[in-house]
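Each value in this text was obtained by applying a stated rule to the coordinates, not by laboratory testing. Fair warning: this is a prediction, and the values are worked out from it, not measured in the lab. Here the Cβ positions follow ideal geometry from the backbone for every residue, glycine too, while neighbour counts run over all protein chains shown.
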4 protein chains.
Amino acid sequence: MMFLSDNAASVHPRVWDAMRAADAADAPYDGDGLSQELDARFSDLFGRDCAALWVATGTAANCLALATLCPPHGGVVCHREAHIEVDEGGAPGFYLHGAKLMLADGDGAKLTPEAIRTVIDPIRDDVHQVQPHAISVTQASEYGRSYRPDELAAIGALAAERGLGLHVDGARFANAVAFLGCTPAEAVGPAQALSFGCVKNGGMSAEAIVFFDPALADVARYRRKRAGHLQSKGRFLAAQVMAMLEGDLWLANARAANAAATEIAGACGARLMHPVEANELFVRLSPTEREVLRGQGFGFYDWGADAARFVTAWNTRDDDARALAKAIANL
Amino acid sequence: MMFLSDNAASVHPRVWDAMRAADAADAPYDGDGLSQELDARFSDLFGRDCAALWVATGTAANCLALATLCPPHGGVVCHREAHIEVDEGGAPGFYLHGAKLMLADGDGAKLTPEAIRTVIDPIRDDVHQVQPHAISVTQASEYGRSYRPDELAAIGALAAERGLGLHVDGARFANAVAFLGCTPAEAVGPAQALSFGCVKNGGMSAEAIVFFDPALADVARYRRKRAGHLQSKGRFLAAQVMAMLEGDLWLANARAANAAATEIAGACGARLMHPVEANELFVRLSPTEREVLRGQGFGFYDWGADAARFVTAWNTRDDDARALAKAIANL
Amino acid sequence: MMFLSDNAASVHPRVWDAMRAADAADAPYDGDGLSQELDARFSDLFGRDCAALWVATGTAANCLALATLCPPHGGVVCHREAHIEVDEGGAPGFYLHGAKLMLADGDGAKLTPEAIRTVIDPIRDDVHQVQPHAISVTQASEYGRSYRPDELAAIGALAAERGLGLHVDGARFANAVAFLGCTPAEAVGPAQALSFGCVKNGGMSAEAIVFFDPALADVARYRRKRAGHLQSKGRFLAAQVMAMLEGDLWLANARAANAAATEIAGACGARLMHPVEANELFVRLSPTEREVLRGQGFGFYDWGADAARFVTAWNTRDDDARALAKAIANL
Amino acid sequence: MMFLSDNAASVHPRVWDAMRAADAADAPYDGDGLSQELDARFSDLFGRDCAALWVATGTAANCLALATLCPPHGGVVCHREAHIEVDEGGAPGFYLHGAKLMLADGDGAKLTPEAIRTVIDPIRDDVHQVQPHAISVTQASEYGRSYRPDELAAIGALAAERGLGLHVDGARFANAVAFLGCTPAEAVGPAQALSFGCVKNGGMSAEAIVFFDPALADVARYRRKRAGHLQSKGRFLAAQVMAMLEGDLWLANARAANAAATEIAGACGARLMHPVEANELFVRLSPTEREVLRGQGFGFYDWGADAARFVTAWNTRDDDARALAKAIANL
């Protein structure tokens, strides 16, 4: 009964099917029929003109997106605990040629206009200090918190006022949309670029970068190739993304994961460090308690000395979620 | 009857099977059982201590390998028509932080010690000129030519004498080994790193970087992550590579492709621009002749004004190869 | 009566003289007689084998030095208020190809082993997190505080224990040595590289990077050229550095600046935010008080809302220092 | 009697005077009065709106200029023997973050529209190949050849047609203008940026980057700082540039150097490898002949096995030029 992460879960059968169906040779790279459909599918989904590129990882998606919004001599404001800062091995420094991440605080790993201003307002407007060029938010956040549409709109308004680009790291975008019950467009706000996650949500090896300004995609296409991310059998990545969109599988999968998380959350009460607004739970548990749970066969990561992180996935079994809930309740 | 490229061919059934067998969740990234086996498998294959990393593309493999052999202020000698120079969208410049490719000539897109010396001997040993740090050869070459073991040994001796690293771009390494009938170790020579291709040989989305100096792999692991190439469900890449090695599928596939190329070559006679030593044919064909072949349903790329390139793959049907041979003979 | 900064003060007459004396054509770049003497002179000064390179700015000195100690995928621990973090326009990101600055806290902008451990101990030893490769300290610090030899030794011991390089930003190294009354070797501790400042201390356009591991200098020479910092009339930079070393002008100038700072400090009492251990004073002064001082002809920078920074230089006149001291005492 | 290079010649007395006059403290970096005047002075000189930045070296000037015209994933067309390709230690790769130099041929190290088209026309317009973004020409060229205004206009027309930027490396721009007898505007053509050389023409350590599109300068200012090229006592660099412009000292110096070259050229006849259109001579001389000249006290560089390069400078004495002419005539 594994709650370690959604990032290594099995691949959804419909994704497998779509990949198998794509086996026959087609044009290489992104010249195949499926890849060519992506722009239209995402334009439908978001109700505005989109250009979408597949890549294999969220790190590549985030960094290729950010590189279109921030020059090498600029900076990107993000949360101090954002994935791009903490868990991408310095990839933003590589892809953005040394641009700087500017770290803001914020409850639940979410940014606010105030937190962003606290970072950027003291920056002198001179060449001695790196100037901000973009903001990156994570939807849902590293602590499984989802930005409400009005929160994103407020951040977007600040970005526009200061001439900054806005990027959304949506490794768990599906979980946020499923939680919020809003449209995808509302959940992404006035961003120029979105990393649309699939791998954690039943995919195998495909994420999408969705550009709401297609001119940015034209630059990103060159940089994707230059980063070695233009796979020659790209049709298998496009197939994954298309399968996720088909019949809103992405939302169905996210709802399943969120439901499992909600089930468990019900048993956690005051143990919860953060409201559960996606598929992650951060639960105060003593070392002894964690040992008890592990003894019962539950797998999860420690979160510091006195807590644990549980992540549900599209295929978390109801029984397992209930068992974990019960086990926590019984502690 | 497509002879456009091997880079978009279907995936071999045994690769599919291996991927399906890897579906159950395992440790993320390269912590899974399959990924952990790669070092040992390649060490067996090459008869010396190897460390192997999967990546999704040959471009990433080449550039991550080269980045371990050449600092940002150095240079890499390669053939003027090498893939890293001509077809990787400037990826070496990105991964090597601006290091320089130093272009040598050579028949059949193959380097020789003489050609390399012609490039590096005139370089003054001062800070005004970029100094060479590595050599990259392609096995088989861009024109489907294979380096004989003694040719590689001679290049390796020069590299050692000058303190240069040696990298082998083996996007079609299997085809070279199949053609040469030598051991993999002989076909890679005294290189420090090999890009071991699978995608063109029946794989889907996995190549391997094989380091013959495991210390280089330790650096490459950080850089792979930093380049966004560390997939969280890496077990699916490891599965592809393992399937290719299992029972020497990689050689069987390459032999099939080579055999089809040889079949066609038999009909080309003096039309051949290069001896066929792998699975590519460069054939002198007038525009009219090409039109005739296309009219008969053959797909291929033009190669300049008066020639065409045909590439066979692991799954090229005997009938198709014979049909093409006959069609060329009938021109 | 300007106390804005030492970074734009006049050039010392002996520096001018040395530059004039270097006017006759000599070998270009660093082939001239003066440049060739630098290694020996610094080896004498520090009592160990040194290799020294001139560059035009402290930013270039710091970044070229750090680039020899930290690979692109690594990190450099420095104080949150270090010049490399705050005031170099992102130059470390450029020169180190995207390596990360890891920000530590510490009183008076000084690092301690504890502060460094607080930053590096939580870093997981895996490829997802940037690993530290070097430490950079500033002697004297951004707040004019000087590291005692035992403090540097302790930091050096930690660096050695963790396999980290150690760099000293010595833009005001002379002021620190003059304050500490120790040898230059004691004031630099077990560092591999020192940015030896001259410009703030009576020079015009030359700093020296002193490598205590000459092999690092060999790399830095290539990178200096590559950064456009190898001036063809480099003899004029060497002449400045040599003039500063000749007869210990560097120390005489620093003592003069420190003395002026001490004179002023005597009038500041509890207004001082930091002990004065070099040539900078951070003085609590209300807006009204600052207005009074400016009305009396004193120039200085505000330091936040309720303080001011005064910097003395080699040529600060005694009368001016006394006048400022008196003016502050009279507030 | 040294004809090695103009790059290490003495500094002109009026440059020294201007530097001394700038000694009194002024605002740091480029906030001083002299630096602030540069835009206006160059706007006057070129008869259009210019923004000008000083830097210490031609390498920095070239690379900062090119970085405003070409993104990291792009390419810059230049001559195969251009300084940026051959003699800058890979600086373009550093400053342009791995962008590619695309090498064209051309008589006398000069580009032509045809030569440029030969390089760029075969580039497929896809992401696999680096796309050209700019052209860089050298005025006067590496072989001392000067572009005529109509030649630059033709290159500029091609650049405009293909959407490419145009940069002029003017390390010896003064010599070209002096030779051509045209206006500076005619000698720079429709470029967006010019590296305006001073160091080889009587300066000490200052070149100017002149942007004919001031928006580019705004970016270059950040990058200059980021490259460690923003000197705090920048007034000494501005003073050099201003001194060169004052009373057209730059042209007087160049005329003197050119005249000396012409004097020598008169004695060379068929020995000349290139017409002398600036201050460099490439002269066919056997090893024995070179030995004879050196025995007579002449200093110069060998140019391959059977030739020598002679460079005159602003301060080449008439007697020395005549002596060399005579010595060559007597061979």
Give the residue from D:Gln129, D:Leu237, D:Trp250 lying farthest towards the positive end of the charge dipole for chain D; charges sit on Cβ (+1 for Lys and Arg, -1 for Asp and Glu) and the dipole is referred to the Cα centre.
D:Leu237
Checking rank on C:115-128, C:155-168, B:93-106, C:262-275, with mean other Cβ inside 10 Å and highest first, the result is B:93-106, C:155-168, C:262-275, C:115-128
With a sphere of radius 13 Å drawn around the Cβ of A:His73, what net charge do the other residues whose Cβ falls strictly inside it have (Lys, Arg +1; Asp, Glu -1)?
+3
If the reach is capped at under 18 angstrom between alpha carbons, list the lysines near C:Lys225, excluding any in the same chain fewer than eight residues apart.
B:Lys100, C:Lys233, D:Lys200, D:Lys225
Report, for chain D, the % of DSSP beta bridges that are antiparallel, rounded to 5.
45 percent
Pop the C-beta distance of D:Asp105 and C:Ala305 into the FRET formula with R0 = 60 Å and round what comes out to the nearest 0.05.
0.40
Would you be so kind as to identify which of B:Ala25, B:Gly269, B:Pro184 lies farthest towards the positive end of the dipole of chain B, taking Lys and Arg as +1 and Asp and Glu as -1 on Cβ and the Cα centre as origin?
B:Ala25
In nm, give the distance between the simple-model label positions of B:Ala153 and A:Asp213, each being 7 Å from the Cα along the Cα-to-Cβ direction.
5.9 nm
For the protein assembly as shown, what proportion of DSSP beta bridges, expressed in % and rounded to the nearest 5, is antiparallel?
45 percent
What does the extension gain come out to for D:Arg162 and D:Glu291, with contour length at 0.36 nm per residue minus their alpha carbon separation?
41.5 nm
Over all directions, what mean area does the Cα convex hull of the stretch A:72-119 project, stated in square nanometres?
3.1 nm²
Intensity falloff of the stretch C:246-292 expressed as log10 I(q)/I(0), Debye formula with alpha-carbon point scatterers, at q = 0.14, 0.20 Å⁻¹
-0.42, -0.68
What number in nm² do you get for the stretch D:1-57 if you take the convex hull of its Cα atoms and divide its surface by four?
5.7 nm²
Looking only at other chains, what is the average number of their beta-carbon atoms within 10 angstrom of each beta-carbon in A:127-134?
6
Evaluate the charge dipole of the stretch C:110-215 about its Cα centre and quote only its size in Debye, nearest 20, assuming +1 on the Cβ of each Lys and Arg and -1 on the Cβ of each Asp and Glu.
300 debye
Net charge contributed by nearby residues that have their C-beta within less than 14 Å of C:Ala327 (K/R +1, D/E -1)
0
The size of the Cβ-based charge dipole (Lys, Arg +1; Asp, Glu -1) of chain C about the Cα centre, to the nearest 20 debye, is 440 debye
Using only the Cα atoms of the stretch B:44-192, what are the Rg and Dmax in Å?
14.4, 45
So how do C:46-53, A:205-212 stack up, highest first, on mean other-Cβ count within 10 Å?
A:205-212, C:46-53
Computed D for the stretch D:203-330, Stokes-Einstein, Kirkwood radius over alpha-carbon pairs, 37 °C, 0.692 mPa s, to the nearest µm² per second, is 191 µm²/s
Hull volume per residue for the stretch B:1-99, using the convex hull of the C-alpha atoms, in Å³ is 167 Å³
Which whole-number percentage describes the relative contact order of chain A, with Cα contacts under 8 Å and a sequence gap of 6 or more?
24 percent
So, over other residues within a Cβ distance under 9 Å of C:Val55, counting Lys, Arg +1 and Asp, Glu -1, the net charge is 0
Shielding by partners - mean other protein chain Cβ count within 10 Å, residues of C:14-26
3
Relative contact order of the stretch C:44-107 (C-alpha contacts under 8 Å, at least 6 apart) in percent is 34 percent
Send over the semi-axes of chain D's equivalent ellipsoid, whole angstrom and largest first, taken as the square roots of 5 times the C-alpha gyration tensor eigenvalues.
31, 27, 16
Förster radius 30 Å - calculated FRET efficiency between B:Glu246 and A:Ala323, Cβ distance, rounded to 0.05
0.20
Nearest-20 debye value, the stretch A:1-106 charge dipole, Cβ charges on Lys, Arg, Asp, Glu
220 debye
Given the alpha-carbon gyration tensor of the stretch D:161-267, what are the semi-axes of its equivalent ellipsoid in whole angstrom, ordered largest first, with each equal to the square root of 5 times an eigenvalue?
26, 19, 11
Take every residue in peptide D:91-104, count the Cβ atoms of other chains within 10 Å of its Cβ, and give the average of those counts.
6
Going by the rotation axis that takes chain D to chain B, pick out the residue of D with the closest C-beta and quote the gap in whole Å.
D:Gly98, 2
Where does each of B:137-146, C:247-256 land if you order them by average Cβ count within 10 Å, highest first?
B:137-146, C:247-256
Quick one: compute a quarter of the convex hull surface over the Cα atoms of the protein assembly as shown and quote it in nm².
51.2 nm²
Lys/Arg Cβ at +1, Asp/Glu Cβ at -1, dipole of the stretch D:6-137 taken about the Cα centre: which of D:Val77, D:Gly47, D:Val11 is farthest positive-ward?
D:Val77
For chain D, what does -39500 (n - 2.57) per DSSP helix run (n ≥ 4), summed and divided by total residues, give at 222 nm, in deg cm²/dmol to the nearest 500?
-12500 deg cm²/dmol
In terms of the ratio Rg/(2.2 N^0.38 Å) built on C-alpha atoms, what value belongs to the stretch A:259-331?
0.97
One finds, for B:Ala21 and C:Asp126 with R0 = 25 angstrom and r their Cβ-Cβ distance, a FRET efficiency to the nearest 0.05 of 0.40
Once you have all Cα-Cα distances for the stretch C:112-208, histogram them in 10 Å bins from zero and send the whole-percent values.
16, 44, 27, 11, 2
